Structure formats: C-alpha cells, structure tokens
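All remarks here apply to the structure that follows.
The values are calculated or read from the model by the stated rules, or taken from the named source; none is laboratory data. All values derive from a computational prediction rather than experimental measurement. Cβ coordinates were reconstructed from backbone atoms using ideal geometry, including for glycine residues, and neighbour counts include every protein chain displayed.
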C-alpha cells in the first residue's frame, strides 16, 4: 500500500479490515506490531508499521447525534465529508474544517490537523471524549473529566491506542461567504498581521515568498459579517481562484461572496471533488503568533532556495488548546504550510535549512507532514512531553504501536527489545 500522495510504500507485513470494534480489539491483542490507517493523508511514516495495518473504513460508519448534550459521536473511520453532510441535514455544524473534507476525523485529530481563524482551535478543540483500543485489546473511553489521560490521548499520534470513536461538540448550522483578495503588499501584511488574520472567521494567505506581494488572501466570513472588497491594499479577485495560480478553480469551494452552508465554505475544496493521489509533498511548522512577522521574514530570506521545490505556501492561524502534543498547546499560533513538488530527496535535503531558520521562533512541526525528527528538542517545545513519553511507555511497554518515526521522537520502549 501507498499513502495518499504516493511518496511512501508502507512496510506492513499484512493488512486487515476489521468489521467491528470487537474484531479490531482481537486483532490488536493478537499482533506484535500494529497501526491503524485512516485516509492515509500523511506524508511521513507516523502511521507505518512492520506488523499489521488495520484499515478503519470497515468499522461501522456511525454518526450519532445527541441533541440534549450538543454532541455527535463519530466512528473511527468516518470522514469529515460524511460527518458534515449528516450534521447539516440535522441543522448542526462543527466549528472548523481543514482544507480537504475527505480526511478521516480520528486520524486528523490524532495528528493535530487544523483549519484557520484566530479564535478557532484545531479540529481537536471540539473533542469531548475519545474511545480507543489499548495494546491488550481493552477498549477504554476517556472524557474531559479524566483530565491528563484525556488531554494526552486526543492528539496522541497513535502511540496510546487505536481510536475507534470520538465525541465532538456541535452547534447550530451557520452560513458563510468566501472572497479571495489579491496582491497584498508584504509590508502591509506583516505590519498588520494580527488585524489581517482576524479580519474574518477564517483567513488564509497564499504565497511563494518570492514576490513583492502576497498573491492571495482567502477570507471565509460569517454571512452576517460585512463583505470585504479590499484589505490593506489587496483587492478583490474578479474570478474564482485556485491556491495555485495556473490551476482551474472548478474544484474549489464557492467564492465571490456567494453565501452558502458552512461545510461548503470552510474547506478550500468541494466535498463532491474526490482527490486522486496528490502529486505533492507537504510540511508545516507552527509557532507562537507574536513571532509571525519575524518568522515569515526569515522564510522570505530563503525564497531563492525554496523556489525550485515550492508550489505554494499557506499561512494560517489557530487558537491555543491544552492537548499535550498539540502543536497549538498553550499558544495562539501561526502555521506556515509548504506544499512541495514531489521531489522527496531534494525536499528532505532542504528541510534542515528551513527548520534551522524557524528554530529561534519555537516552531513545532505538524506531526503528519515532512520534518526532521532529530532536529528538535521536544521537551523544550512541549511542556508536557516528558509526561507523554512516560504515559506511552506505561500503556505500551512492548512498543506495539511504535515505529521508527515514533521511536525517534519518544525513544525506544525499554521492554521492546529494539
């Protein structure tokens, strides 16, 4: 099997598709090494194993709404697209979405995936409870009342168990409009960064860092917010745009201030568009919001080095949360996302230089994208990192859920023999 981008051949010796949580638990208990796969929209080996891969799309695709508690319980293999359609049909919504609605709910949350908006937490922010299978095959449920165990497990990198369900907060459905602005001068963008990124419910900047201007500003506004025809010198696009300048916008969500439901505006790409394997690689680095102008300037200084490999970079924001290994742990953040050409050896050779430029700003890499694990002091970046390592060793002393990437981050479990 390969991942979504096709840049990785997985190393598993067997692949299983359990049809129930009980069947999954039996598989986990009887395997020496095991990892779960969702939509495979990961660009590194965080989901790899030399043992058994279990595919979660065979589990019951449950989406159970509890109106009294304002929550929805979602099965581990459910995609955001399926969840959002069910919620909208019931007059409900969740707070935010990533660029693609095709990714799995459980997998996205486990790796700290996010949308944008200064007041919006990552996708993990709405999690109220999580159910997972431990190495023993025991199925456990954790809620916010469980304190540290819960806060460690939500963004758990697959190291604490296989997630079989999550419970999310829901809210009434809402309508939004989307507008793209063009040619935002860099001086205006950096000099007014916080105001710029709070000018709508969700804001994204697209750039290659080499031009005099930020090429596109995507504004996703609530329907009762006034439309923005210009902003700090940027002006409204006269036609729908794709983040890449030479690509058709036919698969992008509706723009030009056309009002529509939240699920058709928060992602960049339409639900009905089914992406094929992506001819791209991705990296992303998250750092404190106050460092955004200086960090962006540092990346602009590398524009000539980035140019041969970079397709586009997206700049987003997210609000702080308390999850132990969330890239947004206890800091309102800016996220610098890089979409690379699929030239992996060259990208991996360049990454240490980019990571070094961002190191003074406390940059944390996105767990599901390309980065250099040996280049980070994890305990300095994450105040609860030592506690997470201890918890992972306690729950999985044999390293059943480990792989080379997790070992490089967490250390090799003492009882694993590796």
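Would you mention how many residues in the stretch 141-189 are assigned to a strand (DSSP E or B), farther than 30 Å from residue 207 by Cα and touching a helix residue (DSSP H, G or I) at 6+ places or on another chain (Cβ under 7 Å)?
8
Among the residues of the stretch 97-106, is any over 26 Å from residue 370 (Cβ atoms), touching a strand residue (DSSP E or B) at 6+ places or on another chain (Cβ under 6 Å) and at pLDDT 95 or above?
No: zero hits.
Find all pairs meeting these conditions: Cβ atoms under 8 angstrom apart; at least six residues apart or on different chains; first residue within the stretch 58-76 and at positive phi; second residue buried (at least 18 other Cβ atoms within 10 Å of the Cβ).
70/170
Report yes if residue 371 is buried (at least 20 other Cβ atoms within 10 Å of the Cβ) and not assigned by TED's automatic domain parsing to the domain that holds residue 34, otherwise no.
Here the answer is yes, as residue 371 does meet what is asked.
Among the residues of the stretch 222-237, which ones are farther than 19 Å from residue 205 by Cβ and modelled with pLDDT of 95 or more?
Residue satisfying the conditions is 222 alone.
In the stretch 74-81, is there at least one residue being within 24 Å of the chain's Cα centre (by Cα), under 23 Å from residue 410 (Cβ atoms) and assigned by TED's automatic domain parsing to the domain that holds residue 138?
Looking for residues that are within 24 Å of the chain's Cα centre (by Cα), under 23 Å from residue 410 (Cβ atoms) and assigned by TED's automatic domain parsing to the domain that holds residue 138, one finds at least one in the stretch 74-81, hence yes.
Being surrounded by fewer than 18 Cβ atoms within 10 Å (Cβ to Cβ) and more than 20 Å from the chain's Cα centre (by Cα) is the filter here; which residues of the stretch 266-297 pass it?
Result: 272, 290, 293, 294, 297.
Any idea how many residues of the stretch 406-418 are in a helix (DSSP H, G or I), surrounded by 18 or more Cβ atoms within 10 Å (Cβ to Cβ) and either assigned by TED's automatic domain parsing to the domain that holds residue 160 or touching a helix residue (DSSP H, G or I) at 6+ places or on another chain (Cβ under 6 Å) (or both)?
Going through the stretch 406-418 one residue at a time, the tally reaches 2.
Any residue at all in the stretch 281-303 that's within 30 Å of residue 90 (Cβ to Cβ) and part of a loop (DSSP other than H, G, I, E, B)?
No, because not a single residue in the stretch 281-303 is within 30 Å of residue 90 (Cβ to Cβ) and part of a loop (DSSP other than H, G, I, E, B).
Output yes when any residue across the stretch 17-37 is at pLDDT below 95, surrounded by 22 or more Cβ atoms within 10 Å (Cβ to Cβ) and in a loop (DSSP other than H, G, I, E, B), and no when none is.
There is no residue in the stretch 17-37 that is at pLDDT below 95, surrounded by 22 or more Cβ atoms within 10 Å (Cβ to Cβ) and in a loop (DSSP other than H, G, I, E, B).
Results for (1) assigned by TED's automatic domain parsing to the domain that holds residue 104; (2) under 29 Å from residue 370 (Cα atoms), shown as yes or no for each residue.
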| site | (1), (2) |
| --- | --- |
| 23 | no, no |
| 28 | no, yes |
| 32 | no, yes |
| 35 | no, yes |
| 40 | no, yes |
| 46 | no, yes |
| 52 | no, yes |
| 63 | yes, no |
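Any idea which residue in the stretch 236-250 is farthest from the chain's Cα centre (by Cα), counting only those that are without any contact (Cβ under 8 Å) to a residue 24 or more places away in the chain and surrounded by 14 or more Cβ atoms within 10 Å (Cβ to Cβ)?
249
Could you tell me whether the stretch 378-395 includes any residue that is in contact (Cβ under 8 Å) with a residue 12 or more places away in the chain, closer than 22 Å to residue 12 by Cβ, buried (at least 16 other Cβ atoms within 10 Å of the Cβ) and not assigned by TED's automatic domain parsing to the domain that holds residue 37?
Within the stretch 378-395 (the criterion being in contact (Cβ under 8 Å) with a residue 12 or more places away in the chain, closer than 22 Å to residue 12 by Cβ, buried (at least 16 other Cβ atoms within 10 Å of the Cβ) and not assigned by TED's automatic domain parsing to the domain that holds residue 37), the answer is yes, since at least one residue qualifies.
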